[in-house]
Each structure stands twice: as C-alpha cells, then as structure tokens.
Amino acid sequence: MRIITHTCPNCGTVISANELEANRVMKCPRIDCGEVLRFSDLSHSDREFFLENVEQYSI
Amino acid sequence: MKGLILSGGTGSRLRPITHTGPKQLVPVANKPVIEYAVEDLKEAGITEIGVVLGHKGREEIQAHLGDGSAYGVDITYIVQGNSLGLAHAAGTARDFVGEDDFVMYLGDNILKQGISEMLDSFEAGEYGAGIALQEVNTPEQFGIADVDASGNVTRLVEKPDDPPTNLALIGIYVFSPAIFDAIERIEPSWRGELEITDAIQLVLKDGYDIDSHVVEDWWKDTGKPEDILEANRLVLQDLDGSLDGTVEPGADVSGPVELAPSATVEADAVVRGPVSIDENTTIEAGSYLGPYTSIGPACRVAGTHVENTVIIGESDISCTETIVDSLVGRGSTLGSAEGILPEGRRLVLGENSDLKL
C-alpha cells in the first residue's frame, strides 16, 4: 500500500497523509513547532491517490 | 543504522492506567518502558531515532523524550495517526530512514539482553531483514518463524494451528530499505492493518535472506497489568541497589534497594529489596516494602505492607491492608476505613478499574 507522508519544513517531523487529510489545516504536531501544515502541501498526485483510496487509510 | 520506536496504540489492555497517558510511559522499576528501548538503541550505537506516534499520548511522549538530547540521541517524531498496522508505521518512516538499515522496536517491549547481538548477526551477512525470536510454549498464539539450520528464516506464519516451530516473533526487527518496496506491495489484512509479517514474507519471496536471532534471556511485552508487574520483577531482580536517599536510624533496609536522593525511609520502616523508591517519596514508620516493589515519585507510604507492586507516583498509601501484586495509578489515595461508620469499603473507581477486595 502506498504510504504518503509530508515532512514539516521547520522541524523535520513527519506526518502521514491520513493525519493531514483529517485536519486539512493543522499546526505541526511537534511540541513548540507551530508550523502550519496543510493537506494541500502534498503533491497533486499524492492528494489524488489518497482521496481515491481513502478507505484504505481509515481504521 | 537508524532506530525506529513504535509508540502508537490505545493501551486498552492497560486501562484504567492508560486513560490518562500512553502505555509507553508506564514505569517499570521507576523508568518509563519506552526509555528501555531508547537505551537499547543507544547502547547498540544507534543515535538517530524516529519515534512513531499514534493518536494517544503523542504530546506526553514528546514532552518526556524531547529532542532526545537527555539520552544522548537525536529524536525525530513521525506522526502515523491512524493505527494501520506495524508495516504502515514502518512505511511512514521511509523519508526518515532514507537508504539506511534500521531497527524497529516496539515501544512497550523490554528485552534483557539488548539488541547488540542481533545487530551484529544482521550486519555479518547480506540480509533483507532480521527478526528477533523467542521460544514459547503456546506457538499457536503467536506469529511463528520456520528457520533452516543456519538460522535463516524460510517462512512466517501467523498463529498457526500446526506450528512448524515454537519460535515466536517478538517486537524487534532489523530492516534494509528493501522492506519499503515490500510494504508498498502489500494490502491491508482482514483486520484492516498492514501486517509486518506480510511485508517480511514478501522480502523473502523477493530473494533476500532473512536473519533470525533467538533471544535467550527474558523479553516482555508490557501490554497488560500483569505484564508490567512481571517486567518490574524481572528488571528489579538484577538491581544492584544504591542508597542515595536518607535511611533514618532504626529503619531496617536490606537487599538491593534503589533509594533516590530525595527519598526517605523513616525509623521503624522495613524495606526488603529488591525495591526501587523514587524522588521525594517517604516510607514512614510501620510500613513494610517487600521484594519486587517500585514506588514512584512523590509518594507517601504510611504503615502499609506492600509487596510485588508498582505504585506509579504521587500517591498516598496509608491503609492497614496488605497490598500485593498491584498496579496503582498516579495520584491515588489508599486510606483506611477504620473507625468510619457504617463499616465497609469506600471506593472512587475510574472506568475499567479492577479490584480484588
């Protein structure tokens, strides 16, 4: 299964796509970072793939 | 070589302790379980560590481990979010790991002998992966490996009805980057998770050798209260002991006892090691602490008999009952009902509490 992640450009924390998609816009989950991260930070192809297969990324 | 510590999961089998925190921070011998993993990796020379976080306890784990500098390591956090299986957790670390080999260590596991021998074995060959195994009495309840005479894995089977061996996979793996290509090609299992055994099986099918390392000393998955007590007992049985705190004249302290600098054993208290007593805790007169007991920070034990028990911290224990084989959560009060009418127990219990009165 394709696993899609995004790396915070400020602190290096890695965030999986399911987390980004659930929040759409979120603060970086690293304590004391605060960088704003968006689902749209993922590439177009990653977003498209994720949304087409979203059930795979849900519990 | 990098390290990856998996710290997700809900800790449901450790409720109610895990209602207020992640299972990886439950202490064993007054040290959170996850610290044993960090120390094992550090001892094996691995200082770049990724910590994979789920939904539960992600802030607490970050607050506890920080950037890793307190442990002499560099920690990167990886937020998995949904618990989609061990292979998914590994897969989220692909950018962190890059082209390195890496150790994947379940953050609620404790291993007595560390991981250096396992890494030496892996690095001595050209392996696609290495797995830690332990002989078990009930192989049908575990993921089981079939191995050849040279220790190479030939097959993995999940909870087999007819086990080929009694060698169970425990929660420690070494992977080459080949694992990531395998993870990309597996699909969620019937339970909706990406199974690491499926990915390893695929690495095997791709023609890689899979190393195995049989762990001879103890290993514990600390998923349940009885496992915490057992792990606490196993760690404490190797305790050297150091009386850095105050032992008042008239206190009776024997056996290996670890007494933190600001802890006190007062006169007429008895402590029989192995016992660990953390910072700012006082064992008052008339108390008895028996073997395999860990008392966390900022506790008071006043006249109570406690044995083979873990008291996590910030608790006041003054009942006249004997407490054995117990796990007591943070901030608990165990007092006496003596003299209070009507006679009887008085309890304020959280959800999923378990008492034997």
### Span per principal axis, largest first, for the Cα atoms of the protein assembly as shown (Å)
70, 54, 41
### Query
Where does helix B:196-205 land angle-wise versus the long Cα axis of chain B, in degrees 0 to 90, nearest 10?
30 degrees
### Task
Write out the chymotrypsin sites (Phe, Trp or Tyr not before Pro) in the stretch B:100-204 meeting two conditions: DSSP loop, and at most 12 other Cβ atoms within 10 Å of their Cβ.
B:W190
### Task
Tell me which residues come under 5 Å, amide H to amide H, from B:K2 once H is placed; ignore anything under 5 positions away on its chain.
B:D101, B:F102, B:V103
### Message
So, R0 is 35 Å and r is the distance between the beta-carbons of B:W218 and B:D67; what FRET efficiency does that work out to, to 0.05?
### Response
0.65
### Degrees separating the helix B:33-43 axis from the principal Cα axis of chain B, which is the longest one
60 degrees
### Query
With all pairs of different alpha carbon atoms counted, what Kirkwood hydrodynamic radius in Å does chain B show?
21.7 Å
### Message
For the stretch B:156-198 and the stretch B:283-356, what is the centre-to-centre distance using only Cα atoms, to the nearest Å?
### Response
42 Å
### Message
What Kirkwood Rh does chain A have if only Cα atoms enter the pairwise 1/r average? Answer in Å.
### Response
11.6 Å
### Relative contact order for the stretch B:111-209, counting Cα pairs under 8 Å that sit 6 or more residues apart, in percent
30 percent
### Query
Rounded to the nearest 0.05, what FRET efficiency do B:L349 and B:D74 have when you use their Cβ-Cβ distance and R0 = 56 Å?
0.85
## Note on the structure
By Cβ neighbour count within 10 Å, fewest first, B:I144, B:I200, B:I283 rank B:I144, B:I200, B:I283
### Summary
Taking a label point 7 Å from the Cα of B:D162 along Cα-to-Cβ, the residues of the stretch B:132-148 whose backbone nitrogen sits under 18 Å from it are B:139-142, B:144-147
## Note on the structure
So for the stretch B:1-88, using the alpha carbon gyration tensor with a ≥ b ≥ c as root eigenvalues (a/c under 1.5 gives rounded; past that, a/b versus b/c decides prolate or oblate), I'd call it oblate
## Note on the structure
The pairs in B:K159/B:K220; A:K27/B:K220; B:K2/B:K159 lying past 25 Å Cα-Cα in this model are A:K27/B:K220; B:K2/B:K159
### the stretch B:47-54 - phi-based ³J(HN,Hα) in whole Hz, Karplus 6.51/-1.76/1.60, Gly and Pro as x
10, 9, 10, x, 10, 8, 10, x
### Message
Compute the helix-to-body angle for B:225-236: its Cα long axis versus the longest principal axis of chain B, expressed 0 to 90° and rounded to tens.
### Response
80 degrees
### Message
Can you divide the C-alpha Rg of the stretch B:196-293 by 2.2 N^0.38 Å and report the result to two decimal places?
### Response
1.66
### Summary
For the stretch B:2-235, averaging the sequence separation of alpha carbon pairs under 8 Å that lie six or more residues apart and dividing by its residue count, the contact order in percent is 24 percent
### Query
Assigning unit charges at the beta carbon (Lys, Arg +1; Asp, Glu -1) and nothing else, what dipole magnitude in debye, to the nearest 20, does the protein assembly as shown show about its Cα centre?
1260 debye
### Message
Amide H of B:S294 versus every other amide H placed in the peptide plane: which residues, excluding those fewer than 5 positions away on the same chain, fall under 5 Å?
### Response
B:S276, B:T309, B:V310, B:I311
### Message
Quick check on the stretch B:241-334: what are the equivalent-ellipsoid semi-axes from the Cα gyration tensor, as sqrt(5λ), descending, whole Å?
### Response
17, 13, 12
### Message
Using a Förster radius of 25 Å, what is the FRET efficiency between A:N10 and A:L51 based on their Cβ-Cβ separation? Nearest 0.05, please.
### Response
0.45
### Task
For B:K356, list the lysines whose Cα falls under 17 Å from its own Cα; do not include residues on the same chain fewer than 8 positions away.
B:K224
### Message
Can you tell me which of B:R330, B:R345, B:R15 moves the most in a GNM of chain B? Springs connect C-alpha atoms under 10 Å apart.
### Response
B:R345
### Task
Can you put B:T92, B:T10, B:T309 in order of Cβ neighbours within 10 angstrom, beginning with the fewest?
B:T10, B:T309, B:T92
### Query
Which ³J(HN,Hα) values, rounded to whole Hz and listed in residue order, are derived for the stretch A:6-13 from phi using the Karplus coefficients 6.51, -1.76 and 1.60 in 6.51 cos²θ - 1.76 cosθ + 1.60 with θ = phi - 60°, glycine and proline given as x?
9, 9, 4, x, 8, 10, x, 5
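Laboratory data are not the source of any read-out in this text; all were calculated from the coordinates shown. This is a predicted model, so every value here is computed, not measured. Cβ coordinates were reconstructed from backbone atoms using ideal geometry, including for glycine residues, and neighbour counts include every protein chain displayed.
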